[in-house]
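Asker: So that we are looking at the same thing, I have put the structure below in structure tokens.
The values are calculated or read from the model by the stated rules, or taken from the named source; none is laboratory data. In this text the structure is predicted, and so the values were computed from the model without any measurement. Don't worry about glycine lacking a Cβ; one is built from the backbone with ideal geometry, like all the others, and counts go over all protein chains shown. Protein only, heavy atoms only, side chains kept; ligands, DNA and RNA dropped before computing areas. Shrake-Rupley method; radii C 1.70, N 1.55, O 1.52, S 1.80 Å.
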Amino acid sequence: MGRVQEEGRGPVHGFRLSTVSSSRPTETGTTHELTGLDLAMKLHYLKVVYIYSAEAASDLTVMNVKAPLFPVFDQISWITGRLRRHESRRPYIKCNDCGTRFVESHCDLTVDEWLRIPDRSVDESLVYHQPVGPEMAFSPLIYIQMTRFSCGGLALGLSWAHIMGDPLSLSHFFNLWARAYVGEKIHSPKTSELERVFQNPNSTGKEPESIKRVDPVGDLWVAPSNRKMTTFSFNLTVSEIKSHFPATGDDEFEILSGIIWKCIAKARGESAPVTITVIKSDPNGLKPRAVRNSQMISSVHVDFSVAEASLEEIVKSIGETNDERFGIDETVDDVTDFIVYGANLTFVDLSGVDFYEAKVMGKSPESVYCNVQGIGDGGAVVVMPGGVEEEERVVTVTVTLPDDEIEKVKCEMNKCGLITVLVVTNGE
């Protein structure tokens, strides 16, 4: 176990690193091959934080957290492997059980004090993250950070290489951990090659609009960006959404996406996007759960001014999407690098992801945060469940945009009643 030197002591400190792997060795020579959709995600990483109260987690020791990981990794051993390249330069995962990096830290605040911070993007400081590379053979694909709050509460933050699987996969992995913790026998089905291939009889053969080629990054998998990106987050109840914006349908994600797209279009003026990307969980892939990239990726193109259009017109267009996964799978080759999140302004619907099912001592997390690392200049908006407040369902919205657009977009959101004042922002 090693200690990371701290440049300056903030509220989260005392980082100690160790490694956790599966409890039994994988057969020598086993590999996990990556699909085109997997490779399209190679420059993106998921960051998720689960925060538990002292009542639920004060008795959890480091070994209590680590021990259930062994049976989970026994079920999905390839996620503890390391990336290699074939002679063609196409990446694959060598199943060598090198393990996941486990990080211990402490926070000087209580859970209540931490959760009183209005902008939940502060949770990113509870995720230890390192990109893949430049020495791919030594780069873990998962980092797990365990942060103990001063009250005894606990945060478990995950940095997850998106090349392995989508947010539903990460949730599946963590829910397996929670079930193993209480002694349940767990099982994660393996996916066949056929299940990882997408069919689209309406394919046009054109390169999908939802992906963007970027300059080659070599073996250091960091998305290139010419602009500083900044993140902010806020919560809304479902009744607040529908009372402020009535008669626009029943889908909260599409309503919020329409509102925020219009705000961003106004803030950007002439550079307002006419094409956006929409990412949702695959409705056919919810069961059985497995670790894979199966999220539905679509593009929406409009020929009208989004800044001037009615919300009803914008929401209607968002509902008219075409699945581009087959085209992505066919387009992405062995060596070309792409981005998906932020290739266009990207809206991500995580409403079908059961983050709050990961219970400790029978209690759901007090809060769950999820965002993407490696978002391109087009920006991204992540919409996810935010738990329940006073018997009201809450939606959490996390917005990542170029830093010079943030204040303009907040101003537009304030004008339309979507937010009040947000004072905390986190730059990437």
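Asker: Provide the gained length on full extension for the span Asn414 to Val238, in nm with one decimal, where the gain is 0.36 nm per separating residue minus the Cα-Cα distance.
Answerer: This chain segment gains 61.6 nm when fully extended.
Asker: Can you tell me how much longer the chain between Phe70 and Thr28 gets when fully stretched, taken as 0.36 nm per residue apart minus their C-alpha distance, in nm with one decimal?
Answerer: 13.2 nm
Asker: OK, next. Which part of segment 11-49 falls in the paramagnetic zone of Asp334, meaning amide N under 18 Å from the point 7 Å along Cα-to-beta-carbon?
Answerer: Taking a point 7 Å out along Cα→Cβ of Asp334, the residues of segment 11-49 whose backbone N falls under 18 Å are 31-40.
Asker: Quick one: among Gly14, Gly258, Gly81, which has the greatest mean-square fluctuation in a GNM of the chain with alpha-carbon springs under 10 angstrom?
Answerer: Gly14
Asker: How large is the charge dipole for the chain, taken about the Cα centre, if only the Cβ atoms of Lys, Arg (+1) and Asp, Glu (-1) carry charge, to the nearest 20 debye?
Answerer: Here the chain has a charge dipole of around 1180 debye.
Asker: Let me ask something else. Test of understanding: express the Cα radius of gyration of segment 314-397 as a ratio to 2.2 N^0.38 Å, with N the residue count.
Answerer: 1.41
Asker: Place +1 on the Cβ of every Lys and Arg and -1 on the Cβ of every Asp and Glu in the chain, take the dipole about the Cα centre, and give the residue among Ala57, Leu345, Asn235 whose Cα lies farthest towards its positive end.
Answerer: Farthest towards the positive end: Ala57.
Asker: Go through 229-235, 125-131 and give me the packing order, highest mean Cβ count within 10 Å leading.
Answerer: Sorting 229-235, 125-131 by mean packing, highest first, produces 229-235, 125-131.
Asker: Sorted by packing (mean other beta-carbon atoms within 10 Å per residue), highest first, where do 72-78, 210-216 land?
Answerer: The most tightly packed comes first, giving 72-78, 210-216.
Asker: In debye, nearest 20: dipole of segment 217-363 around its Cα centre with unit charges on the Cβ of K, R (+) and D, E (-)?
Answerer: About 680 debye.
Asker: I would also like to ask the following. When ligands, DNA and RNA are left out and all protein chains stay put, how many square angstrom of accessible area per residue does the chain have with a 1.4 Å probe?
Answerer: 42 Å²
Asker: Quick one: Debye curve from the C-alpha atoms of segment 253-398, no solvent, what's log10 I(q)/I(0) at q = 0.09, 0.16 Å⁻¹?
Answerer: So the normalised log intensities are -0.33, -0.97.
Asker: Compute the FRET efficiency between Glu207 and Thr61 as 1/(1 + (r/R0)^6), taking r as their Cβ-Cβ distance and R0 = 35 Å, and round to the nearest 0.05.
Answerer: Calculated transfer efficiency: 0.10.
Asker: Please get the size of the charge dipole for segment 291-428, origin at its Cα centre, with Cβ charges of +1 on Lys and Arg and -1 on Asp and Glu, quoted in debye to the nearest 20.
Answerer: Dipole size: approximately 480 debye.
Asker: Can you list the GluC sites (Glu not before Pro) in segment 7-87 that are in a DSSP coil and have 11 or fewer other beta carbons within 10 angstrom?
Answerer: Glu7, Glu27, Glu87
Asker: For the chain, what is the mean residue ellipticity at 222 nm derived from helices alone (per DSSP H run of n ≥ 4: -39500 (n - 2.57); sum divided by total residues; nearest 500 deg cm²/dmol)?
Answerer: -6000 deg cm²/dmol
Asker: Same structure again: Using a ≥ b ≥ c from the Cα gyration tensor of the chain (square roots of the eigenvalues), is it rounded, prolate or oblate, where a/c under 1.5 gives rounded and otherwise the larger of a/b and b/c decides, a/b for prolate?
Answerer: Oblate, because a/c is 1.5 or more while a/b does not exceed b/c.
Asker: At R0 = 30 Å, how high is the FRET efficiency between Glu391 and His187 if r is their beta carbon distance? Nearest 0.05 is fine.
Answerer: Approximately 0.30, to the nearest 0.05.
Asker: Give me the one-decimal nm value for the distance between modelled label points at Ser150 and Asp354, 7 Å along each residue's Cα-to-Cβ direction.
Answerer: Here the answer is 3.7 nm between the modelled labels.
Asker: Further question: Quick one: pull the percent of accessible area on segment 20-140 belonging to carbon and sulfur, 1.4 Å probe, ligands and nucleic acids left out.
Answerer: The nonpolar share, carbon plus sulfur, comes to 50 percent.
Asker: I need the peptides 412-418, 149-155, 370-376 ranked by packing, meaning the mean over residues of other C-beta atoms within 10 angstrom, with the highest value on top.
Answerer: Final packing ranking: 370-376, 149-155, 412-418.
Asker: Under 1.5 on a/c is rounded, so check that first for segment 278-354, then, if it is not, pick prolate when a/b is larger than b/c and oblate when it is not; a ≥ b ≥ c are the square roots of the alpha carbon gyration tensor eigenvalues.
Answerer: It is oblate, given that a/c is not under 1.5 and a/b is not larger than b/c.
Asker: Could I have the simple spin-label model distance between His13 and Glu312, label points 7 Å from Cα toward Cβ, reported in nm to one decimal?
Answerer: Placing both labels 7 Å along Cα→Cβ, they lie 5.8 nm apart.
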